[in-house]
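All remarks here apply to the structure that follows.
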There are 2 protein chains.
Amino acid sequence: MFDAAPTPISRKLRAAIEDEIVAGALLPGERLDETALAARFAVSRTPVREALNQLATSGLVEIRPRRGAIVASLTPERLYEMFEVMAELEAMAGRLAARRVSAAEIEALADAHAACGANRDDSDRYYAANETFHQAIYAASGNAFLAEQCRALQRRLRPYRRLQLRVRGRLATSFAEHEAIVAAIRTGEGEQVAELLRAHIRVQGERFSDLVAGLARLGAA
Amino acid sequence: MFDAAPTPISRKLRAAIEDEIVAGALLPGERLDETALAARFAVSRTPVREALNQLATSGLVEIRPRRGAIVASLTPERLYEMFEVMAELEAMAGRLAARRVSAAEIEALADAHAACGANRDDSDRYYAANETFHQAIYAASGNAFLAEQCRALQRRLRPYRRLQLRVRGRLATSFAEHEAIVAAIRTGEGEQVAELLRAHIRVQGERFSDLVAGLARLGAA
DNA sequence: GTCAATCATCATGTATACAAGATTGATGTT
DNA sequence: AACATCAATCTTGTATACATGATGATTGAC
């Protein structure tokens, strides 16, 4: 009754391919053959092309005219840049959240934080809970556009984050940082929240780009 | 020799339609008929659809399944949110620029500022020079991804900025603010630059959303 | 034996054809 | 006269056909 969900095939395809990229089933640099994808999903090339075009616009795939589409691969420099921006956007969301957060939102945030704590021994589940936690901050910022930008970047960076999920001790550190962030949001210390989040994200960016710099030597396209 | 520029038709179309939207030739809410566009550009519907899809992903047009595409229209709230994010991204670019700017880049910035000064009596030309000025800051941030995000947002907000180009006294105020920004970048006062840019952008956002709130009463869809 | 050029094959880009849902106008009813 | 229902038309979504440029293999020359 609400959304009849006509959901054109191309939308479903976009979501499906995006999921595979983000989940790491399709690796950076990998070729995305239109005909093959069309066959695999049992549709014609037309909706496949539409899906690839959309993914290209959002940056997940790269289309080289007349030479086909590949899963976009980020250089370590670019990855670092993206984390630098992500850190700032998160900091902004946190600063706004400290000012604008509602009672319901801070409850959701606390719940998400608790979920992280409950999954401190399973890095995959912690990672999922961690995303929810950060999205709770975006939502509490009261700026829907900012929240969208944050989620989009979070999503684009996900395949790279997964690479270093299991770094020793990172989970405990992350959880402790979350703790401080929640506390500062509760007390409305905007600048403090911003600074905590900036550090929280940036440290990942630095580690990830180190990691990817190493990986790049292997799978260089 | 560099780019053989095969430039598929769909890319040219995307650029053409995007330009018309950004320039204000196509107004928010206006219907984008695929057949009509195809006829106008003397191509088939296929590349038109690809172009519209890309524009939808970047947010300039809205595609309602089975119901066609329209030029995306932003609510005053959303517009305010976008300016809020823009202000923060610009502030970030400025802060980084104050730390990282090269001699050549500060020269380019000074030139762009001078160009603004030379066009202080022509709001259209001032506006163009103003964009160049801000892009010089993005470039000087040393973060290419950030620069891209800023340019994308600048572009998306352009049609709304044009609405109030001629507000009395704004040009002179803007130019004076630029002056202070350049000075602070020269002396490397990152936080000062950030604060100046935040205010410089935000004041526009507030004005624009007021303006659009007024307009919304007329052309409500 | 190696390298280069040419040709065959294949994937992409565009056009056209077909299917299906949405919009609009007309017609009939209350 | 106003409203609802139904049909005709139009537009979008998908499939298929065709054109063109890229890739790669084969053949010939050095």
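The values are calculated or read from the model by the stated rules, or taken from the named source; none is laboratory data. The model shown is predicted, which means the values in this text are computed figures rather than measured ones. We place every Cβ from the backbone using ideal geometry, glycine too, and count neighbours over all the protein chains shown. Keep in mind that these areas ignore ligands, DNA and RNA; they rest on the heavy atoms of the full protein, side chains included. Shrake-Rupley method; radii C 1.70, N 1.55, O 1.52, S 1.80 Å.
General observations
- Lone unmet requirement of (1) in contact with a helix residue (DSSP H, G or I) (Cβ under 6 Å, 6 or more places away or on another chain); (2) within 14 Å of chain B (Cβ to nearest Cβ); (3) assigned to a helix (DSSP H, G or I) for residue A:133: (2)
- Residues (open to solvent by 10 Å² or more (accessible area, probe 1.4 Å) and within 25 Å of residue A:81 (Cα to Cα)) located in the range A:130-144: A:130, A:131, A:132, A:135, A:136, A:139, A:144
- Qualifying residue in the range B:64-82 (condition: among the acidic types (Asp, Glu), within 12 Å of DNA strand C (Cβ to nearest atom), in a helix (DSSP H, G or I) and crowded, with 21+ Cβ neighbours inside 10 Å): no
- In the range A:55-76, the residues that are in contact (Cβ under 8 Å) with a residue 12 or more places away in the chain and hydrophobic (A, V, I, L, M, F, W, C): A:55, A:56, A:60, A:61, A:69, A:70, A:71, A:72, A:74
- Residue match in the range B:84-99 (condition: more than 14 Å from chain A (Cβ to nearest Cβ), aliphatic (A, V, I, L, M), touching a Phe, Trp or Tyr at 6+ places or on another chain (Cβ under 6 Å) and open to solvent by less than 20 Å² (accessible area, probe 1.4 Å)): no
- Taken over the range B:42-63, the criterion of being under 30 Å from residue B:149 (Cβ atoms), more than 9 Å from chain A (Cβ to nearest Cβ) and open to solvent by 60 Å² or more (accessible area, probe 1.4 Å) is satisfied by B:62 alone.
- The single condition among (1) away from DNA strand D (no atom under 16 Å from the Cβ); (2) surrounded by 14 or more Cβ atoms within 10 Å (Cβ to Cβ); (3) in contact (Cβ under 8 Å) with a residue 40 or more places away in the chain that residue A:10 does not meet is (1).
So that you can scan it fast, the table gives a plain yes or no per residue for (1) in the same structural domain as residue A:154 (by TED's automatic domain parsing); (2) within 26 Å of residue B:56 (Cβ to Cβ); (3) of a type in the set (Gly, Ala, Ser); (4) within 16 Å of DNA strand D (Cβ to nearest atom):
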residue: A:16; (1), (2), (3), (4): no, yes, yes, yes
residue: A:28; (1), (2), (3), (4): no, yes, no, no
residue: A:32; (1), (2), (3), (4): no, yes, no, yes
residue: A:38; (1), (2), (3), (4): no, yes, yes, yes
residue: A:56; (1), (2), (3), (4): no, yes, yes, no
residue: A:63; (1), (2), (3), (4): no, yes, no, yes
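- Qualifying residue in the range A:22-41 (condition: surrounded by fewer than 14 Cβ atoms within 10 Å (Cβ to Cβ), in a helix (DSSP H, G or I) and more than 14 Å from DNA strand C (Cβ to nearest atom)): yes
- Looking only at the range B:42-54, and only at residues there that are free of Cβ contacts under 8 Å to residues at least 12 places away in the same chain and in a loop (DSSP other than H, G, I, E, B), the one that is farthest from DNA strand D (Cβ to nearest atom): B:42
- Top-ranked residue of the range A:109-123 - restricted to ones that are open to solvent by less than 50 Å² (accessible area, probe 1.4 Å) and assigned to a helix (DSSP H, G or I), ranked as nearest to the other protein chains (Cβ to nearest Cβ): A:109
- When the range B:18-50 is filtered for residues that are aliphatic (A, V, I, L, M), modelled with pLDDT of 95 or more and within 25 Å of residue B:157 (Cβ to Cβ), the ones remaining, listed by number, are B:32, B:37.
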